[in-house]
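Heads up: the structure comes next, in structure tokens.
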Amino acid sequence: MHKRLLIVLLLILPIVASAQYRGTKRKGLRTNSKFANKRNKPKKEYILGIGASNFLGELGGANQIGTNFVKDLEFTATRPSIALGMRYKFHKRWAVKGGLHYLLLSGNDKLTQEPFRKNRNLHFRSHTFELSVQGEFYFTKEQSGHIYKIKNAKGMKSYDYQGYIFVGVGAFYYNPQAKFNGNWVNLQPLSTEGQGLAGGPKKYSRVSICIPYGIGGKYAINKEWAVGLEAGIRKTFTDYIDDVSGVYYDNSAIFQAKGATAAYLADPSLMNFPEELGGNATPYNQSAVGQQRGDPSDKDSYMFLNVTVSYKMPNKRKTRSKF
């Protein structure tokens, strides 16, 4: 229920902010000041971001025992990232931004030389869609300056560069998949850790909450267009983006309940299928029932680095004829 409420809030917050500004604007029109809030008028920007995403979780990672955050980043698992958004700047230093983000997240134990994870031999990908609202704080105040940027001209200074930090709240949909016989198979219905089976954990939801935060910067080409760079991290509250979290479940029970595909994808350990290493598998007994398969204490996260292009809507000014 709380996830549905969050999604509704994400959809209505930009509308409420816009309505609040219109009310403030109408109130300002009742005053006699000619200059009230002329330079603090909100500005809408439409944003397109394209770049790269990466995943931080149980699968793949650096050539060492699993560590937190970027120390465990596997660069070869980098995949595409696309973002669409609208920024509503209501102050020289503050803005609110709503956006839809698509990321392809990926991880593969074959990419690491750490013995435990390499022998575990799990992999995944997930098409991930995120809806979020973020607050942005700018290090410098946005000032329009002179239209032609005349050198040494008196008046306001024009800032071409702006840096900002952001934090917000979001909801995202993910769908972990693994490849089997050349086809990508959805993992959540297969109960690879016994989810929904007798004595196993409950089924996990493919919708979860995230906390977006990060840093960005942009350069104004002119009054309407700007280019920039934004780096963001998403703290999540799920450990199943890669379908790996707890311990190994009885593989024969998975086979009986879900079939051969589920049984293989639940435990494709190289000790069970040594032909994948030419018969030279490391002799780990990690896939016994109850043995560690993931680490539920460390929730998954993901990150991105996007190049952005933004278009600022010109302010519409209504004037009256002097005659």
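Readers should treat all values here as calculations from the given coordinates under stated rules, not as data from a laboratory. Predicted model, so just to flag it, every value in this text is computed and none were measured. All Cβ positions, glycine included, derive from the backbone under ideal geometry; neighbour counts span all protein chains shown.
Details
- Gain in span if fully extended, Leu100 to Ala198, counting 0.36 nm per residue against the direct Cα distance: 31.5 nm
- P(r) tail fraction, region 155-233 - alpha-carbon pairs more than 21 Å apart, %: 59
- Lys235-Ala52 pseudo-label distance in nm [points 7 Å out on the Cα-to-Cβ vector]: 2.6
- Ascending count of other beta-carbon atoms within 10 Å, so fewest first, for Thr308, Thr112, Thr192: Thr308, Thr112, Thr192
- Entries in Lys141/Lys312; Lys202/Lys258; Lys97/Lys203; Lys89/Lys299; Lys44/Lys218; Lys110/Lys202 that, when Cα-Cα distance is taken, lie over 27 Å: Lys97/Lys203; Lys89/Lys299; Lys110/Lys202
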